[in-house]
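These notes are about the structure you will find just below.
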Number of protein chains: 2
Amino acid sequence: MTPEIEKILAGDPLAGARLISLLEDRDPLGIELLKVLYPTTGQAFLIGITGPAGAGKSTLVARLIDHLRARGLRVGVVAVDPSSPFSGGALLGDRIRMQRRAADRGVFIRSMGARGLPGGIGRSAREAALVMDAMGYPVVLIETVGAGQGEIEVSRCVHTTAVVAMPGTGDEVQAMKAGLSEIGDVFIVNKADCPGADEMVQMMERIASHRRRAPDAWRPPVIQTVAVQDRGVDDLVDCLFEHRRYLESTGRLAERQAGNRLHFFRQLVVDMAATRLLQDSPELASIQKELGHGGIDPYTAAEKLLERRLPV
Amino acid sequence: MTPEIEKILAGDPLAGARLISLLEDRDPLGIELLKVLYPTTGQAFLIGITGPAGAGKSTLVARLIDHLRARGLRVGVVAVDPSSPFSGGALLGDRIRMQRRAADRGVFIRSMGARGLPGGIGRSAREAALVMDAMGYPVVLIETVGAGQGEIEVSRCVHTTAVVAMPGTGDEVQAMKAGLSEIGDVFIVNKADCPGADEMVQMMERIASHRRRAPDAWRPPVIQTVAVQDRGVDDLVDCLFEHRRYLESTGRLAERQAGNRLHFFRQLVVDMAATRLLQDSPELASIQKELGHGGIDPYTAAEKLLERRLPV
């Protein structure tokens, strides 16, 4: 075992942060380290927190950290900000709010942009969560801004997905309802002291009831919170652990873990194949040149490259 | 030339719809037809309309159609609804509003979900737009719900990207500003009769001013519209064509077209490689079985598959 591996297994935050950076940069050394660590993972309770911008997710995550710490649990947080694919930037105010907790050694926070290819969000977030899992954090929260693919990806990385909405965003929630009813294990109406809270709770109840029915199916609860006033957050923590116990007692935890692992494998295959196929090569250069001159259409060009590199 | 190709070139809506369905299903016949049609494309003015759910994009698109028709232009519309990745459903009310125009033979509307892999949105939307281009529509609008990757993908399919916001969604816009300033060619504050319109216009002006400066750089205008009252829409059409003329006169149109074509090629390479690698095969089955038993980690599993199928 290398000293770096030992440090990560001992929970050293600097070593953890270094490894996450290596993985974000797709550094082969990062992958080698994570392969060694992989057998130690699978212990953490992975919770996804997703919802539209402005729903107060970051404040809610900050409060969740407080309550989990009060219960004696160390907490890892992966905050994915897909809003800045070019800059890799993040919402400074929200991050600072959370970083107040960073002085506490029981909390490890990593925020990341959504640079690179679509789907890149999922890979980097999952890798950061794996590192925190290896570091021994019993709970890891993954916070993502949801709208379309984002929340689906996060649901495939975690055990429990909490969907956050706020009053007055009915249109937005309505637009996402099919996806939300599939992925939401716990629904949260935050800012529940604002006008329209009851309507939003009712809408969420309807969405929760669309869940596929099975005799022992989980009925997703709808929780009201006012994160800035720390109201409802302890109930939320109870619900998250209740869902965890449900997954364990029904054998669905192992099922989800296997499904998530398979999804991650397939994501890695596509990601690594893209890197191999699109890295500079004389073949790629000559095909792209032909494409640039209009001598070939994009389909023929793609088939040409694949015939050489990846025959059926 | 096959009769099917002739029909599409003649603008036959049924033949066009059939081809788009074939392409959505990734039917090899669809790709063969599109390869034949490809040299006839590149004539349409492709316009992306993106923004958060609830900003009134569909109503705005309906009004844009009216104004473009009044100017004697036939219009194709690709409406991407990424909110329903599982069901492939769409917002019925909005769609019905637009379908009123469907009785007009000068308008061709196709709406699609965002099924399948992340990034799938981009491919299907672009293919539908290519078909409409081949059918002879001089203007094709691509409407997508934006938040993160979505609007970046659409900007890589079109010539001009219009970003729509509404008053009171400052947090959401703020969260996306880095991306928006890169991709927005025209900014729209819709529902400009609602409280907070001035603040949103100012925010959009600031975002527009973050655009990279070059001596002949385009300065994205900020347009106020009230789509339900048909206010500001004619100005918007003027702005869109002004941007088109700017791209033509500076040589940037050819540059964008080449960049978009290259991006599409690379997307096709990854997409087709994923299909080849992840289709049922004894190799894949045995690796996935090993992964399921926990005998191998996902990285090693992915590398194993790629070593056999796609050696470096």
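The values are calculated or read from the model by the stated rules, or taken from the named source; none is laboratory data. Please read all numbers here as calculations on a predicted model, not as lab measurements. Ideal geometry is used to build each Cβ from the backbone, glycine not excepted, and the neighbour counts take in all protein chains shown. Just so you know, the surface numbers come from the protein's heavy atoms only, side chains and all, with ligands and any DNA or RNA stripped out. Shrake-Rupley method; radii C 1.70, N 1.55, O 1.52, S 1.80 Å.
Observations on the model:
- Flag if A:Leu240 is farther than 24 Å from A:Gly122 by Cβ and more than 13 Å from every other protein chain (Cβ to nearest Cβ): no
- Scanning region B:243-268 for residues that are in contact (Cβ under 8 Å) with a residue 60 or more places away in the chain and either within 7 Å of chain A (Cβ to nearest Cβ) or among the hydroxyl-bearing types (Ser, Thr, Tyr) (or both) yields B:Phe264, B:Leu268.
- Lone qualifier among B:Ile188, B:Ile183, B:Ile142 - being in contact with a Gly (Cβ under 7 Å, 6 or more places away or on another chain) and not basic (Lys, Arg): B:Ile142
- Applying the set (1) in a loop (DSSP other than H, G, I, E, B); (2) open to solvent by less than 50 Å² (accessible area, probe 1.4 Å); (3) out of contact with any helix residue (DSSP H, G or I) (no Cβ under 7 Å at 6 or more places or on another chain) to A:Met1 leaves exactly one unmet item: (2).
Okay, residues lined up against (1) in contact with a helix residue (DSSP H, G or I) (Cβ under 6 Å, 6 or more places away or on another chain); (2) in the same structural domain as A:Gly122 (by TED's automatic domain parsing):
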position: A:Leu240; (1), (2): no, yes
position: A:His243; (1), (2): no, yes
position: A:Ala273; (1), (2): yes, no
position: A:Ser281; (1), (2): no, no
position: A:Pro298; (1), (2): yes, no
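- Which listed residue, of A:Arg74, A:Arg63, is in contact with a Phe, Trp or Tyr (Cβ under 7 Å, 6 or more places away or on another chain), in contact (Cβ under 8 Å) with a residue 12 or more places away in the chain and open to solvent by 20 Å² or more (accessible area, probe 1.4 Å): A:Arg74
- Of all residues in region B:12-41, exactly one satisfies the criterion of being modelled with pLDDT under 95 and either of a type in the set (Lys, Arg) or at positive phi (or both), namely B:Arg26.
- Which numbered condition A:Thr50 misses (of (1) at pLDDT below 65; (2) of a type in the set (Ser, Thr, Tyr); (3) under 21 Å from A:Glu242 (Cα atoms)): (1)
- Any hit, region A:155-165, residues being more than 29 Å from A:Leu34 (Cβ to Cβ), modelled with pLDDT under 95 and either assigned to a helix (DSSP H, G or I) or among the basic types (Lys, Arg) (or both): no
- For B:His210, the criteria (1) within 14 Å of chain A (Cβ to nearest Cβ); (2) touching a helix residue (DSSP H, G or I) at 6+ places or on another chain (Cβ under 9 Å); (3) open to solvent by less than 70 Å² (accessible area, probe 1.4 Å) hold in every case but one, which is (3).
- A search for C-beta distances below 7 Å between a residue of region B:195-207 that is assigned to a helix (DSSP H, G or I) and surrounded by fewer than 16 Cβ atoms within 10 Å (Cβ to Cβ) and any residue that is small (Gly, Ala, Ser) and at pLDDT below 90, counting only pairs 6+ apart in sequence or on different chains, returns B:Glu199/B:Gly170.
Residue-by-condition table, conditions (1) closer than 30 Å to B:His293 by Cβ; (2) among the hydroxyl-bearing types (Ser, Thr, Tyr):
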{"position": "A:Val201", "(1), (2)": "no, no"}
{"position": "A:Ala214", "(1), (2)": "yes, no"}
{"position": "A:Ile223", "(1), (2)": "no, no"}
{"position": "A:Asp238", "(1), (2)": "no, no"}
{"position": "A:Phe241", "(1), (2)": "yes, no"}
{"position": "A:Ser249", "(1), (2)": "yes, yes"}
{"position": "A:Phe264", "(1), (2)": "yes, no"}
{"position": "A:Gln267", "(1), (2)": "yes, no"}
{"position": "A:Thr275", "(1), (2)": "yes, yes"}
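- Residue count for region A:222-236 satisfying the condition of being crowded, with 19+ Cβ neighbours inside 10 Å and out of contact with any Ser or Thr (no Cβ under 7 Å at 6 or more places or on another chain): 5.
- Of the criteria (1) closer than 24 Å to A:Arg26 by Cα; (2) touching a strand residue (DSSP E or B) at 6+ places or on another chain (Cβ under 9 Å), which one B:Asn260 fails: (1)
- Only listed residue being farther than 30 Å from B:Leu262 by Cα and at pLDDT below 60, chosen from B:Leu92, B:Leu60, B:Leu117: B:Leu92
- In region B:23-34, residue nearest to B:Arg74 (Cα to Cα) [restricted to those that are open to solvent by 40 Å² or more (accessible area, probe 1.4 Å) and part of a helix (DSSP H, G or I)]: B:Glu24
- Residues of region B:292-312 that turn out to be buried (at least 18 other Cβ atoms within 10 Å of the Cβ), at pLDDT below 95 and assigned to a helix (DSSP H, G or I), as a count: 1
- Residue match in region A:9-22 (condition: open to solvent by less than 10 Å² (accessible area, probe 1.4 Å), within 14 Å of chain B (Cβ to nearest Cβ) and not in a strand (DSSP E or B)): yes
- Contacts under 6 angstrom Cβ, first residue in region B:282-309 being within 10 Å of chain A (Cβ to nearest Cβ), partner in a helix (DSSP H, G or I) and acidic (Asp, Glu), 6 or more apart: B:Ile296/B:Glu290
- Scanning region B:125-154 for residues being of a type in the set (Gly, Ala, Ser), under 11 Å from the mean Cα position of the chain (by Cα) and modelled with pLDDT of 95 or more gives a total of 2.
- Residues in region B:237-263 that are in contact with a Gly (Cβ under 9 Å, 6 or more places away or on another chain) and farther than 20 Å from B:Val139 by Cα were compared, and the one that is most open to solvent (accessible area, probe 1.4 Å) is B:Leu262.
- Among the candidates B:Asp235, B:Asp271, residue that is in a helix (DSSP H, G or I), more than 7 Å from chain A (Cβ to nearest Cβ) and at pLDDT 95 or above: B:Asp235
- Of all residues in region A:13-25, exactly one satisfies the criterion of being out of contact with any Lys or Arg (no Cβ under 9 Å at 6 or more places or on another chain) and in contact (Cβ under 8 Å) with a residue 60 or more places away in the chain, namely A:Leu19.
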